[in-house]
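Enquirer: Let me begin by handing over the structure; questions about it come next.
The values are calculated or read from the model by the stated rules, or taken from the named source; none is laboratory data. Here the structure is a predicted model, which is why all the values come from computation and not from measurement. When we count neighbours, we look across all protein chains shown, and the Cβ atoms used for this are built from the backbone with ideal geometry, even at glycine.
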Amino acid sequence: MGLRLFAYRDFRLYQCARFFLTIAIQMQSVAVGWQVYDLTRRPRDLGIVGLVQFLPMIGLSPITGHTADRFDRRRVILVCQLGIAASSLMLLASTLAHTEHAYFIYGTLVLFGAARAFSGPAASALTTHLVPMAEFPDAVAWGSSVWQAATVIGPALGGVVYALSGGAGGVYALSALLALSAFGCVLSMKVRTGRMERSAPSLQTLLAGVRYVFSQKLILGSITLDLFAVLLGGAVALLPIFARDILHTGPWGLGILRSAPAFGALVMAVWLAFHPLRRRAGLTMFACVGIFGVATIVFALSNVYMVSLVALMIAGAADMVSVVVRGTLVQIATPSEMRGRVSAVNQVFVGASNELGEFESGLTADWLGVVPAAVFGGFATCAVVATCMFLFPALRRVDRLDKAMR
């Protein structure tokens, strides 16, 4: 795979927009996590940060995908980017007002979560309009690489800006600026998707994506594996506690820790872009999710910063394989007029594994302690791999991705 996809103007602009917006979101996540833990010093409050972002995603899922299929996807993304910029400005205002409680932060994150809930399905479905379908697998790989690069830069930059500015305000201001830059890139795109779904709105059209996912066992198996593995094994929500209380570092150290999984994932994404999975894609995915669980256990038991950093990189690299396999199966196997709704279902699964996983991690750490909670999550991930291999034998037998759905 080369750079030929970037000859398409709209594809270039879209990847720039995703790059800017992802950096903004990742910076904001670091600032929110450190600020909330600084205010409360309670692990469960870090869990609430994830919960309030997940609730809009699950609550709005019946209409987010339908919106992406019924309205021009570019316009949907533009509105959502303005919502994300507005949430950053609201967090900036609360910081400048020296708020002493986390409640306003939680409320703002509900708006932030709602904007991301509508943006996700539209953004996933829009990519298929930017390049020829024959080149779509390469577009997925490049898109993952761009996203992971931003996910490496964003947390580290957020931690540095937090430390240099002496608080979260500088991070929120820069996040808002980057979100508006992403808005400018999408505004400059020429693509117009128009209305994809022509049927009148009904409960049947709203739930079509759910029915389709549950009818396609390969798609269902891949997103189920990702859901429960990251839901139980993700330790991202607990990183502010590990950084401050176990590894004894500051906001800059937290930012680098947050960047580590993304760095590992970026390396893997670039490798897969030039050396795509040719054979045994299903077994490779299961093996890599198992490695993710083992790396989580190593991270949990480490009190040496560099060991923790390497463990997180390995976890991110292993998780990237699952991301590429799932992303390819979901988009290629779905009819164009349904991609928004199917992407919305996929987003609920991914959101549950990430944001709801943060809530689960916060509660478990509150009950068991931080280290035991993370160790438990790693072992639980390995158990999930074994269970899904048994429940979804067709996914285990997937050989070549380009022939999996034929």
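Enquirer: Which residues, taken from the stretch 240-261, are of a type in the set (A, V, I, L, M) and either surrounded by 20 or more Cβ atoms within 10 Å (Cβ to Cβ) or under 20 Å from G166 (Cβ atoms) (or both)?
Expert: Just the residues of the stretch 240-261 that are of a type in the set (A, V, I, L, M), to begin with: 241, 243, 246-247, 254, 256-257, 260.
Passing the criteria: I241, A243, L247, L254, I256, L257, A260.
Enquirer: Among the residues of the stretch 61-70, is there at least one that is touching a Phe, Trp or Tyr at 6+ places or on another chain (Cβ under 7 Å) and either surrounded by 17 or more Cβ atoms within 10 Å (Cβ to Cβ) or within 27 Å of F359 (Cβ to Cβ) (or both)? Lay out the reasoning, then the answer.
Expert: Let us first name the residues in the stretch 61-70 that are touching a Phe, Trp or Tyr at 6+ places or on another chain (Cβ under 7 Å), namely 64, 67.
Then drop every residue that is not either surrounded by 17 or more Cβ atoms within 10 Å (Cβ to Cβ) or within 27 Å of F359 (Cβ to Cβ) (or both), which leaves 64, 67.
Scanning the stretch 61-70 turns up at least one residue that is touching a Phe, Trp or Tyr at 6+ places or on another chain (Cβ under 7 Å) and either surrounded by 17 or more Cβ atoms within 10 Å (Cβ to Cβ) or within 27 Å of F359 (Cβ to Cβ) (or both).
Enquirer: Now, a different point. Which of the residues belonging to the stretch 302-318 are among the small types (G, A, S) and within 17 Å of A262 (Cβ to Cβ)? Talk me through it step by step, then tell me what you get.
Expert: Just the residues of the stretch 302-318 that are among the small types (G, A, S), to begin with: 302, 308, 311, 315-318.
The answer is S308, A311, A315, G316, A317, A318.
Enquirer: Residue under question is V110, and the condition is that it be among the β-branched types (V, I, T), crowded, with 19+ Cβ neighbours inside 10 Å and in contact with a helix residue (DSSP H, G or I) (Cβ under 7 Å, 6 or more places away or on another chain); does it hold? I'd like the intermediate steps shown before the answer.
Expert: Values: among the β-branched types (V, I, T): yes; crowded, with 19+ Cβ neighbours inside 10 Å: no; in contact with a helix residue (DSSP H, G or I) (Cβ under 7 Å, 6 or more places away or on another chain): yes.
When the stated conditions are applied, V110 does not pass them.
Enquirer: Moving on. For the stretch 240-284, what are the residues that are of a type in the set (K, R) and under 21 Å from the mean Cα position of the chain (by Cα)?
Expert: R258
Enquirer: Sticking with this one: Could you please let me know if L309 is part of a helix (DSSP H, G or I), over 26 Å from A386 (Cβ atoms) and modelled with pLDDT of 90 or more?
Expert: Answer is yes for this residue.
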